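Reading through the C-alpha coordinates given below for one structure.
The values are calculated or read from the model by the stated rules, or taken from the named source; none is laboratory data. Since this is a predicted model, take the numbers as computed values, not measurements. Every residue, glycine among them, receives a Cβ derived from its backbone with ideal geometry; neighbour counts consider all protein chains shown.
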Amino acid sequence: MDYQEILEDIYQAIQPYAKEGKQADYIPELAKVNPDQFGMCINTIYGETASVGAADTRFSIQSISKVLSLAMCLSIKGDSLWERIGKEPSGTAFNSLVQLEIEKGIPRNPFINAGAIVMADLLLTHLENPEDDFLRFVRAVAGNDTIDYNRDVAASERSCGYLNAAIANMLKYHKTIDNDIERVLQFYFLMCSIEMSCRELSLAFMAFANHRRKFDYAGIILTPSQVKRINAILQTCGFYDEAGEFAYLVGLPGKSGVGGGIAAIYPLQYAVAVWSPRLNSKGNSVMGIKALELLTSQTKESIF
(Lines give C-alpha, C1' and ligand atoms only; values in the text may rest on other atoms or scores of the structure.)
Protein backbone atom coordinates (compact mmCIF):
# COMPACT_ATOMS: atom_id res chain seq x y z
CA MET A 1 0.00 0.00 0.00
CA ASP A 2 1.49 3.35 -1.07
CA TYR A 3 0.32 5.44 1.88
CA GLN A 4 2.30 8.50 0.78
CA GLU A 5 0.44 8.69 -2.51
CA ILE A 6 -2.86 8.06 -0.73
CA LEU A 7 -2.27 10.86 1.76
CA GLU A 8 -1.38 13.28 -1.01
CA ASP A 9 -4.60 12.37 -2.85
CA ILE A 10 -6.61 12.84 0.34
CA TYR A 11 -5.02 16.24 0.97
CA GLN A 12 -6.24 17.45 -2.40
CA ALA A 13 -9.68 15.87 -2.01
CA ILE A 14 -10.47 17.57 1.31
CA GLN A 15 -9.70 21.13 0.19
CA PRO A 16 -13.40 21.96 -0.36
CA TYR A 17 -13.87 21.51 3.42
CA ALA A 18 -11.02 23.87 4.34
CA LYS A 19 -13.26 26.70 5.60
CA GLU A 20 -15.93 24.63 7.34
CA GLY A 21 -16.19 24.84 11.13
CA LYS A 22 -14.20 26.99 13.55
CA GLN A 23 -11.48 26.46 16.13
CA ALA A 24 -12.26 26.08 19.84
CA ASP A 25 -12.53 29.80 20.51
CA TYR A 26 -14.10 29.28 23.95
CA ILE A 27 -10.55 28.58 25.16
CA PRO A 28 -8.68 31.89 24.72
CA GLU A 29 -5.28 30.41 23.83
CA LEU A 30 -6.78 28.01 21.27
CA ALA A 31 -8.68 30.90 19.70
CA LYS A 32 -5.29 32.36 18.71
CA VAL A 33 -4.34 29.31 16.60
CA ASN A 34 -4.42 29.77 12.83
CA PRO A 35 -7.40 27.58 11.87
CA ASP A 36 -6.28 27.10 8.25
CA GLN A 37 -3.76 24.34 8.91
CA PHE A 38 -3.79 20.64 8.17
CA GLY A 39 -1.38 17.82 8.89
CA MET A 40 -1.54 14.02 8.70
CA CYS A 41 0.89 11.20 9.41
CA ILE A 42 0.75 7.39 9.31
CA ASN A 43 3.24 5.01 10.90
CA THR A 44 2.91 1.29 10.19
CA ILE A 45 4.03 -1.61 12.36
CA TYR A 46 6.46 -2.45 9.54
CA GLY A 47 8.38 0.79 10.01
CA GLU A 48 6.84 2.74 7.12
CA THR A 49 5.99 6.43 7.50
CA ALA A 50 3.93 8.73 5.31
CA SER A 51 2.95 12.34 5.96
CA VAL A 52 1.43 15.39 4.36
CA GLY A 53 0.94 19.04 5.25
CA ALA A 54 1.84 20.35 8.70
CA ALA A 55 2.60 16.89 10.10
CA ASP A 56 5.45 18.23 12.23
CA THR A 57 3.62 21.24 13.69
CA ARG A 58 2.84 20.77 17.36
CA PHE A 59 -0.63 21.54 18.71
CA SER A 60 -2.49 21.09 21.98
CA ILE A 61 -3.73 17.49 21.94
CA GLN A 62 -6.42 18.20 24.54
CA SER A 63 -8.70 15.17 25.07
CA ILE A 64 -6.42 12.82 23.14
CA SER A 65 -4.32 12.92 26.31
CA LYS A 66 -7.13 11.00 28.05
CA VAL A 67 -6.05 7.85 26.22
CA LEU A 68 -2.62 8.17 27.78
CA SER A 69 -3.99 8.86 31.25
CA LEU A 70 -6.28 5.83 30.84
CA ALA A 71 -3.24 3.68 30.04
CA MET A 72 -1.55 4.88 33.23
CA CYS A 73 -4.65 4.41 35.39
CA LEU A 74 -5.32 0.93 34.03
CA SER A 75 -1.71 -0.04 34.65
CA ILE A 76 -1.91 1.23 38.24
CA LYS A 77 -5.43 0.18 39.22
CA GLY A 78 -6.25 -2.76 36.93
CA ASP A 79 -9.92 -3.72 36.76
CA SER A 80 -10.68 -1.88 40.00
CA LEU A 81 -10.54 1.30 37.89
CA TRP A 82 -14.02 0.46 36.62
CA GLU A 83 -15.50 0.79 40.09
CA ARG A 84 -15.23 4.58 39.69
CA ILE A 85 -15.66 5.01 35.93
CA GLY A 86 -17.98 3.29 33.47
CA LYS A 87 -17.21 1.86 30.03
CA GLU A 88 -20.34 2.87 28.12
CA PRO A 89 -20.77 5.45 25.32
CA SER A 90 -22.12 8.72 26.65
CA GLY A 91 -24.56 9.78 23.94
CA THR A 92 -24.24 13.31 25.33
CA ALA A 93 -21.74 16.15 25.09
CA PHE A 94 -18.27 15.60 26.53
CA ASN A 95 -18.93 18.14 29.29
CA SER A 96 -22.47 17.10 30.23
CA LEU A 97 -23.35 17.88 33.82
CA VAL A 98 -26.87 16.49 33.52
CA GLN A 99 -25.72 12.95 32.77
CA LEU A 100 -23.30 12.97 35.69
CA GLU A 101 -26.05 14.12 38.05
CA ILE A 102 -28.48 11.45 36.87
CA GLU A 103 -25.84 8.74 37.28
CA LYS A 104 -24.94 9.86 40.81
CA GLY A 105 -21.38 10.95 40.18
CA ILE A 106 -20.11 7.94 38.23
CA PRO A 107 -18.78 9.11 34.84
CA ARG A 108 -20.11 7.14 31.89
CA ASN A 109 -16.61 6.49 30.46
CA PRO A 110 -12.97 7.65 30.81
CA PHE A 111 -13.07 9.98 27.80
CA ILE A 112 -15.78 12.42 28.81
CA ASN A 113 -14.51 15.27 30.96
CA ALA A 114 -15.92 13.81 34.17
CA GLY A 115 -14.13 10.51 33.56
CA ALA A 116 -10.86 12.24 32.78
CA ILE A 117 -11.13 14.35 35.93
CA VAL A 118 -11.54 11.15 37.97
CA MET A 119 -8.42 9.74 36.28
CA ALA A 120 -6.51 12.92 37.14
CA ASP A 121 -7.55 12.41 40.76
CA LEU A 122 -6.38 8.79 40.72
CA LEU A 123 -3.00 9.74 39.29
CA LEU A 124 -2.59 12.46 41.92
CA THR A 125 -3.24 9.86 44.60
CA HIS A 126 -0.94 7.14 43.27
CA LEU A 127 1.98 9.01 41.69
CA GLU A 128 4.74 10.62 43.71
CA ASN A 129 5.33 13.36 41.11
CA PRO A 130 2.17 13.35 38.92
CA GLU A 131 3.12 16.15 36.49
CA ASP A 132 6.63 14.79 35.92
CA ASP A 133 5.51 11.16 35.79
CA PHE A 134 2.75 11.80 33.24
CA LEU A 135 5.05 13.79 30.99
CA ARG A 136 7.76 11.14 31.29
CA PHE A 137 5.28 8.49 30.14
CA VAL A 138 4.09 10.57 27.17
CA ARG A 139 7.66 11.23 26.09
CA ALA A 140 8.52 7.54 26.39
CA VAL A 141 5.55 6.26 24.42
CA ALA A 142 6.18 8.83 21.66
CA GLY A 143 9.95 8.37 21.74
CA ASN A 144 10.63 12.09 22.03
CA ASP A 145 12.02 13.85 25.11
CA THR A 146 11.20 17.36 23.85
CA ILE A 147 7.41 16.97 24.16
CA ASP A 148 6.10 19.28 26.87
CA TYR A 149 3.10 20.94 28.45
CA ASN A 150 1.90 24.32 27.23
CA ARG A 151 1.27 26.04 30.53
CA ASP A 152 -0.27 29.07 28.83
CA VAL A 153 -2.96 26.83 27.36
CA ALA A 154 -3.52 25.15 30.73
CA ALA A 155 -3.90 28.51 32.47
CA SER A 156 -6.21 29.71 29.70
CA GLU A 157 -8.47 26.69 30.15
CA ARG A 158 -8.55 27.13 33.91
CA SER A 159 -9.47 30.80 33.54
CA CYS A 160 -12.74 29.88 31.85
CA GLY A 161 -13.22 26.29 33.05
CA TYR A 162 -16.42 26.94 34.97
CA LEU A 163 -18.28 23.90 33.72
CA ASN A 164 -15.36 21.59 34.46
CA ALA A 165 -15.22 23.10 37.94
CA ALA A 166 -18.91 22.30 38.34
CA ILE A 167 -18.23 18.72 37.22
CA ALA A 168 -15.38 18.41 39.72
CA ASN A 169 -17.56 19.75 42.51
CA MET A 170 -20.29 17.24 41.71
CA LEU A 171 -17.72 14.42 41.66
CA LYS A 172 -16.46 15.59 45.04
CA TYR A 173 -20.01 15.70 46.41
CA HIS A 174 -20.52 12.07 45.36
CA LYS A 175 -17.09 11.13 46.80
CA THR A 176 -15.85 9.99 43.37
CA ILE A 177 -12.66 12.06 43.73
CA ASP A 178 -10.48 12.31 46.83
CA ASN A 179 -8.07 15.18 46.28
CA ASP A 180 -8.51 18.93 46.52
CA ILE A 181 -10.75 20.14 43.67
CA GLU A 182 -8.44 22.91 42.52
CA ARG A 183 -5.43 20.57 42.53
CA VAL A 184 -7.34 18.02 40.42
CA LEU A 185 -8.49 20.65 37.93
CA GLN A 186 -5.02 22.14 37.52
CA PHE A 187 -3.55 18.72 36.78
CA TYR A 188 -6.41 17.84 34.41
CA PHE A 189 -5.95 21.04 32.39
CA LEU A 190 -2.17 20.56 32.36
CA MET A 191 -2.48 17.06 30.89
CA CYS A 192 -4.80 18.39 28.18
CA SER A 193 -2.30 21.12 27.30
CA ILE A 194 0.43 18.76 26.09
CA GLU A 195 1.61 19.69 22.60
CA MET A 196 2.48 17.06 20.00
CA SER A 197 2.67 16.88 16.23
CA CYS A 198 0.82 14.40 14.04
CA ARG A 199 4.06 12.49 13.59
CA GLU A 200 4.59 12.25 17.36
CA LEU A 201 0.97 11.32 18.05
CA SER A 202 1.06 8.63 15.40
CA LEU A 203 4.20 7.14 16.93
CA ALA A 204 2.65 7.28 20.41
CA PHE A 205 -0.47 5.43 19.25
CA MET A 206 1.64 2.67 17.73
CA ALA A 207 1.73 1.30 21.28
CA PHE A 208 -2.02 0.69 20.98
CA ALA A 209 -1.99 -0.37 17.33
CA ASN A 210 0.27 -3.36 17.97
CA HIS A 211 -0.88 -5.21 21.08
CA ARG A 212 1.58 -8.02 20.26
CA ARG A 213 4.46 -5.70 21.10
CA LYS A 214 5.30 -5.38 24.79
CA PHE A 215 3.67 -2.31 26.35
CA ASP A 216 6.25 -1.05 28.84
CA TYR A 217 6.99 2.68 28.83
CA ALA A 218 8.49 4.60 31.76
CA GLY A 219 7.28 1.92 34.14
CA ILE A 220 3.73 1.83 32.77
CA ILE A 221 3.00 -1.76 31.81
CA LEU A 222 -0.15 -3.13 30.15
CA THR A 223 -1.03 -6.65 29.09
CA PRO A 224 -2.12 -7.34 25.50
CA SER A 225 -5.64 -7.84 26.83
CA GLN A 226 -5.63 -4.42 28.48
CA VAL A 227 -4.40 -2.75 25.29
CA LYS A 228 -7.20 -4.39 23.29
CA ARG A 229 -9.74 -3.21 25.83
CA ILE A 230 -8.49 0.36 25.57
CA ASN A 231 -9.00 0.04 21.83
CA ALA A 232 -12.56 -1.14 22.41
CA ILE A 233 -13.30 1.96 24.48
CA LEU A 234 -11.72 4.11 21.78
CA GLN A 235 -14.12 2.59 19.27
CA THR A 236 -17.26 3.15 21.33
CA CYS A 237 -16.43 6.32 23.29
CA GLY A 238 -13.64 8.20 21.51
CA PHE A 239 -15.88 10.79 19.87
CA TYR A 240 -18.54 11.40 22.53
CA ASP A 241 -21.97 11.87 20.94
CA GLU A 242 -20.46 11.46 17.47
CA ALA A 243 -18.92 8.04 18.18
CA GLY A 244 -21.50 6.19 16.10
CA GLU A 245 -21.06 8.53 13.16
CA PHE A 246 -17.27 8.13 13.28
CA ALA A 247 -17.58 4.33 13.43
CA TYR A 248 -19.96 4.46 10.46
CA LEU A 249 -17.82 6.78 8.33
CA VAL A 250 -14.31 5.69 9.32
CA GLY A 251 -14.42 2.34 11.11
CA LEU A 252 -11.31 2.75 13.27
CA PRO A 253 -10.82 3.11 17.03
CA GLY A 254 -9.77 6.69 17.68
CA LYS A 255 -9.80 9.74 19.91
CA SER A 256 -10.38 13.38 19.12
CA GLY A 257 -9.45 16.59 20.89
CA VAL A 258 -10.81 20.13 20.64
CA GLY A 259 -7.35 21.28 19.57
CA GLY A 260 -8.33 19.79 16.20
CA GLY A 261 -6.37 16.56 16.49
CA ILE A 262 -7.54 13.00 15.93
CA ALA A 263 -5.47 9.86 16.56
CA ALA A 264 -6.71 6.49 15.32
CA ILE A 265 -5.43 2.96 14.83
CA TYR A 266 -5.92 0.08 12.45
CA PRO A 267 -4.98 -2.83 14.74
CA LEU A 268 -1.85 -4.73 13.74
CA GLN A 269 -1.34 -2.40 10.79
CA TYR A 270 -0.89 1.31 11.52
CA ALA A 271 -1.50 4.35 13.69
CA VAL A 272 -2.58 7.61 12.08
CA ALA A 273 -2.88 11.15 13.37
CA VAL A 274 -4.51 14.11 11.68
CA TRP A 275 -4.84 17.75 12.72
CA SER A 276 -6.98 20.61 11.52
CA PRO A 277 -8.27 23.16 14.05
CA ARG A 278 -11.69 23.86 12.51
CA LEU A 279 -14.27 21.82 14.46
CA ASN A 280 -17.84 20.74 13.79
CA SER A 281 -20.70 21.26 16.25
CA LYS A 282 -19.66 18.11 18.17
CA GLY A 283 -16.14 19.41 18.79
CA ASN A 284 -14.40 17.17 16.23
CA SER A 285 -12.14 18.26 13.37
CA VAL A 286 -14.07 18.68 10.11
CA MET A 287 -11.16 18.01 7.78
CA GLY A 288 -9.73 15.40 10.13
CA ILE A 289 -12.83 13.22 10.04
CA LYS A 290 -13.16 13.63 6.28
CA ALA A 291 -9.51 12.71 5.75
CA LEU A 292 -9.87 9.53 7.83
CA GLU A 293 -13.09 8.61 6.04
CA LEU A 294 -11.26 8.88 2.72
CA LEU A 295 -8.30 6.92 4.10
CA THR A 296 -10.35 3.87 5.03
CA SER A 297 -12.49 4.16 1.89
CA GLN A 298 -9.51 4.32 -0.46
CA THR A 299 -7.47 1.62 1.28
CA LYS A 300 -10.51 -0.55 2.07
CA GLU A 301 -8.88 -1.06 5.48
CA SER A 302 -10.98 -0.77 8.62
CA ILE A 303 -11.88 -3.01 11.54
CA PHE A 304 -15.19 -3.94 9.89
Report summary line: Restricted to the range 59-96 and to residues being aromatic (Phe, Trp, Tyr) and either assigned by TED's automatic domain parsing to the domain that holds Gly283 or under 30 Å from Pro35 (Cβ atoms) (or both), the residue surrounded by the fewest Cβ atoms within 10 Å (Cβ to Cβ) is Phe94
Query raised in the report: Would you pick out the residues in the range 216-245 that are part of a helix (DSSP H, G or I), of a type outside the set (D, E, K, R) and over 16 Å from the mean Cα position of the chain (by Cα)?
Result: Pro224, Ser225, Gln226, Gly244
Report summary line: Within the range 171-192, residues in a helix (DSSP H, G or I) and surrounded by fewer than 17 Cβ atoms within 10 Å (Cβ to Cβ) come out as Tyr173, Ile181, Glu182, Arg183
Query - Filter pass, Tyr248 being out of contact with any His (no Cβ under 9 Å at 6 or more places or on another chain) and surrounded by fewer than 21 Cβ atoms within 10 Å (Cβ to Cβ) - result: yes
**Report entry** Flag if Asn109 is surrounded by 15 or more Cβ atoms within 10 Å (Cβ to Cβ), out of contact with any Leu (no Cβ under 7 Å at 6 or more places or on another chain), in a loop (DSSP other than H, G, I, E, B) and of a type in the set (S, T, N, Q)
**Finding:** yes
Query raised in the report: Looking at (1) free of Cβ contacts under 8 Å to residues at least 40 places away in the same chain; (2) not assigned by TED's automatic domain parsing to the domain that holds Ile102, can you tell me which one Glu182 breaks?
Result: (2)
Query raised in the report: Are any residues in the range 19-52 touching a helix residue (DSSP H, G or I) at 6+ places or on another chain (Cβ under 6 Å), free of Cβ contacts under 8 Å to residues at least 60 places away in the same chain and not in a loop (DSSP other than H, G, I, E, B), and if so, which ones?
Result: Ala50, Val52
Query raised in the report: Between residues in the range 210-227 that are farther than 16 Å from Arg136 by Cα and residues that are part of a strand (DSSP E or B), which pairs lie under 6 Å by C-beta distance while being six or more apart or on different chains?
Result: Leu222/Phe215; Val227/Phe215
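So, in the range 106-118, of the ones that are among the hydrophobic types (A, V, I, L, M, F, W, C) and in contact (Cβ under 8 Å) with a residue 60 or more places away in the chain, which residue ends up farthest from Ala71 (Cα to Cα)? So that I can check it myself, show each step before the final result.
Applying the first criterion (among the hydrophobic types (A, V, I, L, M, F, W, C)) to the range 106-118 yields 106, 111-112, 114, 116-118.
Those still in the list that are in contact (Cβ under 8 Å) with a residue 60 or more places away in the chain too: 106, 111-112, 116-117.
Working: Ile106: 19, Phe111: 12, Ile112: 15, Ala116: 12, Ile117: 15 Å.
My answer is Ile106.
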Query - Test set (1) assigned to a loop (DSSP other than H, G, I, E, B); (2) more than 20 Å from Met191 (Cβ to Cβ) - Pro16 fails condition number - result: (1)
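From the list Asp148, Asp121, which residue is surrounded by 20 or more Cβ atoms within 10 Å (Cβ to Cβ), more than 21 Å from Asn231 (Cα to Cα) and either among the charged types (D, E, K, R) or free of Cβ contacts under 8 Å to residues at least 24 places away in the same chain (or both)?
Values: Asp148 fails: surrounded by 20 or more Cβ atoms within 10 Å (Cβ to Cβ).
Of Asp148, Asp121, the one residue that is surrounded by 20 or more Cβ atoms within 10 Å (Cβ to Cβ), more than 21 Å from Asn231 (Cα to Cα) and either among the charged types (D, E, K, R) or free of Cβ contacts under 8 Å to residues at least 24 places away in the same chain (or both) is Asp121.
When you scan the range 251-267, do you find a residue that is more than 15 Å from the chain's Cα centre (by Cα), free of Cβ contacts under 8 Å to residues at least 60 places away in the same chain and more than 25 Å from Tyr17 (Cα to Cα), even just one? Outline the logic, then answer.
Of the residues in the range 251-267, the ones more than 15 Å from the chain's Cα centre (by Cα) are 251, 266-267.
Now narrow it down to the ones that are free of Cβ contacts under 8 Å to residues at least 60 places away in the same chain: 251, 266-267.
Next, from what is left, pick out any that are more than 25 Å from Tyr17 (Cα to Cα): 267.
Scanning the range 251-267, I find at least one residue that is more than 15 Å from the chain's Cα centre (by Cα), free of Cβ contacts under 8 Å to residues at least 60 places away in the same chain and more than 25 Å from Tyr17 (Cα to Cα), so the answer is yes.
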